[in-house]
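Input: a single structure, listed below in structure tokens.
Values in this text are rule-based calculations from the coordinates and carry no lab data. What you see is a predicted model, and the numbers here were worked out from it, not measured in a lab. Quick reminder, even Gly has a Cβ in these numbers, built from the backbone with ideal geometry, and neighbours come from all protein chains shown.
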Amino acid sequence: CNMNSAEFNNWCRIELLLVEASECLRKAFEQSWQRKYKVAWVNSPGSGQHFANNVGLKAYRHVGKIQKEYLERGDISKWDLTIFNAIFTMTDLNKDKEFRANLKRLMPIRNSIAHHSDKKIIGRHYKLAFERLQMYIMTENVKKSIELKDEGNNLAKEQKFQMAVTKYTDAITLPGISDRSLSALYSNRSHCYAKLGRYNQALEDAKLSKRLSPDYLKAYVRLGEAYGSLGKYDKAIKNFDKALGLDINNDEIREMRSEARELQGVRERDNDQSLKDLSLKSRHKFKDLRNKDEFKQAMFAYDPALEHVWAGHDFRDDQNYSMAAERYKKAADMHSAEDMYNLALFMIKGHGVSKDYPQAFKLLLEVSKFDAFDKFKVPVVGVKEAEHCIALGYYEGSYAEKSIELAVVWYEKAISHGNGMSANNLALMYMKGDGVVKNFKQAEQLFYVR
């Protein structure tokens, strides 16, 4: 599901209110127990088993297997709404009619949430559930914290991040707020700190969010964002993996992980400055050549798509990515391998077009089907480069499913067509034993090819 959708946010708010409701019922149980038996409840298996075999026998028989286990353990911090509902409706711990009526109204909301497997609640259902929960369950501090949180969320949407931080901080300092609600507040404040460039504070808040609620998906997303912003991509990827473990079909988190993997790959690979300098010199030299009128006319006659290709390159070099993307698209429509490759790169980086990893990878695969050399045995620009990118995608697991075996296959294919960067990367893999058997001789040969 989309974590920024209104329906998902509605579901989160109701879920948090139900957690608050559990806290209220937990306190009501403790008070009712103290009032009836003149002794405080003690969290222990002894208390739980005694309760299940005596006063709470009917409730124990009514609940499911998992709830029975929690009752037997006697730790009321683990008891949920279903357990408390059974206890208060099947024992005489609290006979207050208004309390029981409120509880009766509460359970349908809980049951409705439990059946929303897509974690989405449309507006009219959310409004009704929210108002009922506010009316029957929440304390004034809880109401105030939710108001402040909503104000903070609205300010964050308007990119007024410092003002949003103030609202979240005010909510965090209120007494009587549940751990789950505090976890959400710290998560939201972490996001705002990150937007303000205060990455260390973002990381600390993300850690607090996770500590307060270890199964809260957004806590791991915020950790991933914070670690990524600090350049700690290994830790970022691990936390995005944990978030996906909680919601395996979340494409938004999957894309965040892909970006972290891509950035990690950029840092770890291609550290040979001589290769970068050579690439830069070659680009400037060729740019000088193609600016000569006679050369341009001859090349455009040979390949009309080159007019768009070179115009795209000029816009790209001036960082006018939207215009560059338009020219690349025109050349790509003319089946220009070079521009299909460049357009794929723009889709990966989000330059001038929306990020689209699947479409970018599809384009790269299409380019790889072109002949690597033209009829004059001249390399077709874009082919070996696309093969190199495909290899990177498989190696990093960024815009393709991670596969070292396929990465090696595509590196070798790119090398056979003269791609020095692929030779460099594969040599490093053999030198380090990174997914392949260490082979210094093979590494040396590949460095020579490079």
| Listed residue pairs exceeding 24 Å between alpha carbons, taken from 144/238; 160/218; 160/235 | 144/238; 160/235
| remark: Rounded to the nearest whole number, the Stokes-Einstein translational diffusion coefficient of the stretch 390-434 at 37 °C and 0.692 mPa s (Kirkwood radius, C-alpha pairs) in µm²/s is 322
| According to a simple spin-label model (label point 7 Å from Cα along Cα-to-Cβ), what is the distance in nm between residue 445 and residue 89? | 7.5
| note | Among GluC sites (Glu not before Pro) in the stretch 390-450, those in a DSSP loop whose Cβ has at most 15 other Cβ atoms within 10 Å are 401
| query | In terms of modelled amide H atoms, which long-range or inter-chain residues lie less than 5 Å from the amide H of residue 373? | reply | 380
| query | By what distance, in whole Å, do the Cα atoms of the stretch 153-273 stretch along each of the three principal axes, largest value first? | reply | 55, 28, 22
